[in-house]
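Right, I'll just put the structure down here and ask away after.
Please treat every number below as a calculation from the coordinates, not as lab data. Note that this is a predicted model, so its numbers are computed, not measured. Every residue, glycine as well, gets a Cβ built from its backbone with ideal geometry; the counts of neighbours run over all protein chains shown.
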Amino acid sequence: MSSISRWLNRVTLLTSKERGNREYKAYLKEDIMISTRQQAKLSQRSYLYQSIRSVVSLFAIWPVVWLIIIAAFIEPLPSTAPAAERAGTLTDLSQKVAPLASEDYCGYIFPTPEQLAIRTVLKKMVTRCIDCGEVVQYRAFNGRVYTLTQFSGKNVAVLLPDSWKNGLSLEERRTFIDRCDLLYEHYKELIGEEPAGDGLLPIAVISDTCGWGCGYIGFKGIEILDADWSLNILRQELAAGKLHGVVVHEMSHNFDVFWRYLHYLPDHAHAWTDFMHAYIEIYSRMGSKDFSPEEIQRSEILRNYVPYISDETATWADCVRDGLCEDRGINRNHAWAGINHRVAQLHGVRAIRGFMSFLRNYKATQRPPSSPEAKEDLRIEALAFGTGLNLGCYVDTWRWYASAGLRTRMMAQYGANNPFCFDNDRDGFSVIQGDCDDGNPVVNPGATDLMNGLDDDCNLVADDQLFTEPLGRDFPNPQRLSYPARVTGQITANDADFFIFPLPTPRRVRFTIRSTSDFQGFLFVYNRQGAWHGYQFVSTGGTSAQKYDLNEAGDWKFGVELNVESRPGQYAVELADAARWPVMWGTTEPPALQNGAYRLTAHTQMLEDVLETPTHVRFWVSGVGFVGTVPFARTTSVDWIPESSLAEGTYGFRAQLFSGSIPVADVTAAKWFELARRR
Ligand SMILES: [Ca+2]
Ligand SMILES: [Ca+2]
Ligand SMILES: [Ca+2]
Ligand SMILES: [Ca+2]
């Protein structure tokens, strides 16, 4: 593509993006009284900074994307990297990925009336087989028309360029569509509402959109950037039975159906995704290729909740509404999302489902609140409804906002007492303050973790020892650790901290690095020969988790290091055993056809990693939807009689465990079978 047409595309893109977002800005200005201080702050903040911040932290759980970020922004790699490996990796990546400009990160659009008028409407085509591609003209958000091949599922249609059509095997493509359909169902069940728009939700893969992925807010429509590295991420996730995070993320923009009722921050669409992108992976039990739902939850708490809550001077007004705490490592979007993650962690899925049902009822009967304060009142009241508790004491713990009127309503509705705010064992901490065993006074967040098999200090890792760099002095080079361990340290200019830890047996180890002040840089894990085994990058205020297979017992080494794009500052590292993941609760067998009915059968294999005792098994057929729910047993089956309108061809079925209406394990892998021609 010539540089002129590239430039023209950019202008078109910006114009269409600007129009939608101008409407949003007008909405924020008219409906919300943004304080003058906030306005000033807003105009000071560069879009580049904001975008990189949100995207870099957003992708913290995607190891492969880190490689891209590193390749795009950071050259050369730290001097400690062996020269041969450095050259190899960088050449490959830098050839594929041109450095990205700020607007390439955008990621969402408030659709304009013109865009809605010309949007591509894809009808549900139940008589069409999942493999039958149809060449269509797709009109993109930016108005350009692409010729793509459409493959239709039940809820979504994927529209692929030849590069992706040929780059995916038949089974990968089927699994991709089916996973997107299931994701849509899980969003629909959790939120209780679908995005606006007729027909199937289009997921179009095109060469130019408002980011690596782009989604309409509250409206059906996703675009994914046509790039080799993105296709590779998708294929790696599909190989593990999971889904590309960019689809999960953009679909959460489509399901941002309460935005008029919740948004008050300048980039609030990404505060919503800071919660929802991760939470749907937790709720549906899908997790991701590398991380279990519990690991994702813990990582989200560390990323979103901990930086705010651990700064005792942080308040909602200063750090969230006015965004004045960025230089203390508190991102306002993260803090907004962190409250929901914390409630979800403490009170589970039912609380979040209740939260959504309160918002739905409110939206059906009331106009959107008009100030940030009123929007927080609505959010807290919806969370109180979800938990069935008076959250006045949570608001106090969080130094959050709740009006006197809301406090009175919660008191009347749920009473004065919330057991999560009691300190039963009198160790100085209630559950909401972090006590993970309120019946044992030696276990609390202020305790020191002893080698006793207990998680004495409530950080969800038993017997991890803390190593702290002495103030004003450097760690010895290297510092010897025990395993598991936590480290808090500081990187100064031209400094690097190296650590050695003894691994008792070969195992998968999860490294989490958090920037606790300005620090931005790398964690390198070295193999036993001293070359690097893997690395991860953390941005200022961010968190990055990564797993490594350390295949030998004995001493292993890692370093916290800088390079030219890094920044000195404080960091915290944790190393601990990774969860067993991915795990599959059950297996399926090829369906047996008897008297026009297909018998779909699932066998239970392992219930150890299931969230709660299952009560039901629900069956799903690709392109069709849920076809039956039966009480749980070790082996269950449903007899599915296909509708006569259903075409012959390949279908897949899956089974998922439920406790009541709550998913408690991921769906089984799709079992593909042929639907025979019927007379
Ligand atoms: Ca306590
Ligand atoms: Ca305790
Ligand atoms: Ca611990
Ligand atoms: Ca312990």
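Mean shadow of the stretch 211-307, computed from the convex hull of its alpha carbons, in nm²?
The directionally averaged projection comes out at 6.8 nm².
Of LYS557/LYS671; LYS123/LYS165; LYS289/LYS557; LYS220/LYS363; LYS123/LYS671; LYS289/LYS375, which sit over 31 Å apart, Cα to Cα?
Violating the 31 Å Cα-Cα cut-off are LYS557/LYS671; LYS289/LYS375.
Using a 10 Å cut-off on Cβ atoms, rank the peptides 427-437, 387-397, 487-497 from the highest mean neighbour count down.
Highest to lowest by the protection proxy: 387-397, 427-437, 487-497.
Let me ask something additional. Is the stretch 114-175 rounded, prolate or oblate when judged by the Cα gyration tensor, a ≥ b ≥ c being the square roots of its eigenvalues, rounded requiring a/c under 1.5 and prolate requiring a/b larger than b/c?
Note, shape of the stretch 114-175 comes out oblate.
Please list, by residue number, every one of the trypsin sites (Lys or Arg not before Pro) in the stretch 412-505 that is coil in DSSP and has at most 15 other beta-carbon atoms within 10 Å.
Taking the stretch 412-505 and a limit of 15 other Cβ atoms within 10 Å, the loop trypsin sites (Lys or Arg not before Pro) found are ARG426, ARG473.
Stick to Cα atoms and the Kirkwood definition of Rh, then tell me Rg/Rh for the stretch 123-234.
Radius of gyration relative to Kirkwood radius: 0.93.
Straight distance only, please: which aspartates and glutamates reach the Cα of LYS242 with their own Cα at less than 14 Å, same-chain residues fewer than 8 apart left out?
GLU171, GLU172, ASP178, ASP181, GLU281, ASP290, ASP666
Is the stretch 586-675 best put as rounded, prolate or oblate by its Cα gyration tensor, with a ≥ b ≥ c the root eigenvalues, rounded for a/c under 1.5, and otherwise prolate when a/b is larger than b/c, oblate when not?
Because a/c hits 1.5 or more and a/b exceeds b/c, the stretch 586-675 counts as prolate.
Beta carbons within 10 angstrom, averaged per residue: use that to sort the peptides 223-235, 531-543, 356-368, 608-620, highest first.
Answer by packing, highest mean first, reads 531-543, 223-235, 608-620, 356-368.
Follow-up question, since we're still on this one. Show me the ranking of peptides 369-377, 548-556 by mean Cβ neighbours inside 10 Å, starting with the highest.
Packing proxy ranking, top to bottom: 369-377, 548-556.
Which value does Rg/Rh take for the stretch 294-421 over its C-alpha atoms, Rh per Kirkwood?
Answer for the stretch 294-421: 0.95.
Taking every alpha carbon pair in the stretch 465-577, what does the distance histogram look like in 10 angstrom bins from 0, in percent?
15, 52, 30, 4
If you average 1/r over every pair of different alpha-carbon atoms in the stretch 501-560 and take one over that average, what Kirkwood value in Å do you get?
It works out to 12.0 Å.
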